[in-house]
Amino acid sequence: MHSDFQPDNIWFTADHHFFHAGILHRDHGSSRADRWNTVDQMHASLIEQWNDTVGRRDIVYSIGDLFFRVGMMRVLALLNQLSGFRIVLLCGNHDNMILRKLSRQGRLPKHVSLVSNPMDDYIGLDRRIDGQQVFLRHYPELPGEAWPGQASGTILLHGHSHGNREERPRALDVGWDVHGRLLSFEDVESLVIQ
């Protein structure tokens, strides 16, 4: 990506769990079972929502668990259906092995990049909210742990918890199960600062 490129929009999401039949029957706050009976129905709806939301000049940060334990060809086929100028993937606990393998083999689609980080590392963004740096990580902070600069007001966007934990100030679960949609940078800004 060119350093002078300015996207039209920046989006954040996590925990789509494509190919995860079991998630249809778990209560993660999103009532997937109330929406869809099959994984194919879930896929069609999630892909349509993504593509209706994300434009050709947009960047999406998917903060882990876009996929759930599936083979390379199915992952590639699905990634090629998702719109966006750039999709930046962070590994989650369910998709880290397949994404790393695709990246090592140079097989990710041109509009997709994998942040090469262990799942528990924090990734800092250049963009700021309320004058503070924004960090991304699949896992929320663990008990007794602080993310970089937390004491001075930095912000953490994460997934993994499916809305099943009380957030600490200036932390936000951007997971699909929590919001039922991708969040824009402006959405995140208003949710974090409120």
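Here are some notes:
- With each label modelled as a point 7 angstrom along the Cα→C-beta vector, the V115-N37 pair spans 3.9 nm.
- Our compactness index for the chain, the C-alpha radius of gyration over the empirical 2.2 N^0.38 Å, is 0.98.
- Helix-only mean residue ellipticity at 222 nm for the chain, each DSSP H run of n ≥ 4 adding -39500 (n - 2.57), per residue, nearest 500: -7000 deg cm²/dmol
- Principal axis dimensions, region 136-181 - Cα atoms, whole angstrom, descending: 31, 18, 16
- Whole-Hz ³J(HN,Hα) from phi, Karplus 6.51 cos²θ - 1.76 cosθ + 1.60, for region 174-189, glycine and proline x: 9, x, 4, 4, 7, 10, x, 6, 6, 9, 6, 4, 5, 4, 4, 4
- Theoretical gain in end-to-end length, S190 to M73 [0.36 nm per residue, Cα-Cα removed]: 38.3 nm
Each reported figure results from applying straightforward, stated rules to the coordinates on display, with no laboratory input. Computed from a predicted model, the values in this text were never measured in an experiment. Reconstructed Cβ throughout: ideal geometry from the backbone, glycine too, with neighbour counts over all protein chains shown.
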